[in-house]
Amino acid sequence: MGKMSRNPKHLKYQIQLLWDGKSGGEADFKGSTLRLDTPVEFGGGGRYPCPDELFFSAVGGCLLTTFLYFQRKLNFCLEGLQVTIRGDVDLVGPEGYRITRIKALLHIKTIEEEEAKARECAALTRDFCHITRTLGKAIPTEISAEVTCVRKAI
């Protein structure tokens, strides 16, 4: 079961994964089960997301929740938010596979009057997402934003 300490200055996580008897496993998070599997290309069943997909979704999840944190602080009208992550994993010589690039695109929808706040929020997200800041020291990481204004306020 996933556990987290509640001290906001120091967070600790402990996750246990249990082999499913086949080519994958599962983790329990607050009563929800997260399943993972080995890709078919590597002899697995490919039944569930592979660890790489889960890793990249965690990167996107951190960007999404960081954006939502700052959106609440800036108090602007958010009509929609989607985070697209592209991750490259390459075979790098005899040492095997390595994550070689992460690209993230924040698709933000807001109203015309709040476009500047949406762009500020995207910049704050890029600067404060702790996962991408940490990974960016080891992996080339690009974060960009696309803001679409859907209407004017009435």
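Computed quantities for the displayed model
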item: Dipole magnitude of the range 3-42, debye to nearest 20 (Cβ charges: Lys/Arg +1, Asp/Glu -1, about Cα centre); result: 460
item: Gaussian network model of the chain, Cα within-10 Å springs - most flexible of 29, 55, 70; result: 29
item: Among (i) 157; (ii) 181; (iii) 345, the entry derived from the coordinates for volume of the Cα convex hull per residue in Å³; result: (i)
item: GNM result for the chain, Cα springs below 10 Å: residue of 15, 99, 131 fluctuating most strongly; result: 15
item: Backbone N under 14 Å from the residue 65 label point (7 Å along Cα→Cβ), restricted to the range 25-43; result: 29-30
item: Loop-exposed trypsin sites (Lys or Arg not before Pro) per DSSP, neighbour cap 16 Cβ within 10 angstrom, longest uninterrupted part of the chain; result: 48-136
item: Student exercise, the range 1-87 dipole from Lys, Arg, Asp, Glu Cβ charges, in Debye to nearest 20; result: 580
item: Separation in nanometres of the label points that stand 7 Å from Cα toward Cβ, at residue 90 and residue 33; result: 3.9
item: DSSP beta bridges in the chain [antiparallel fraction, %, rounded to 5]; result: 75
item: Charged-residue dipole, Cβ positions (Lys, Arg, Asp, Glu), the chain about Cα centre, Debye nearest 20; result: 640
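Throughout, read-outs are computed from the coordinates displayed, never taken from laboratory work. Just so we're clear, the structure is a prediction, and the values are computed from it rather than from any experiment. Every residue, glycine as well, gets a Cβ built from its backbone with ideal geometry; the counts of neighbours run over all protein chains shown.
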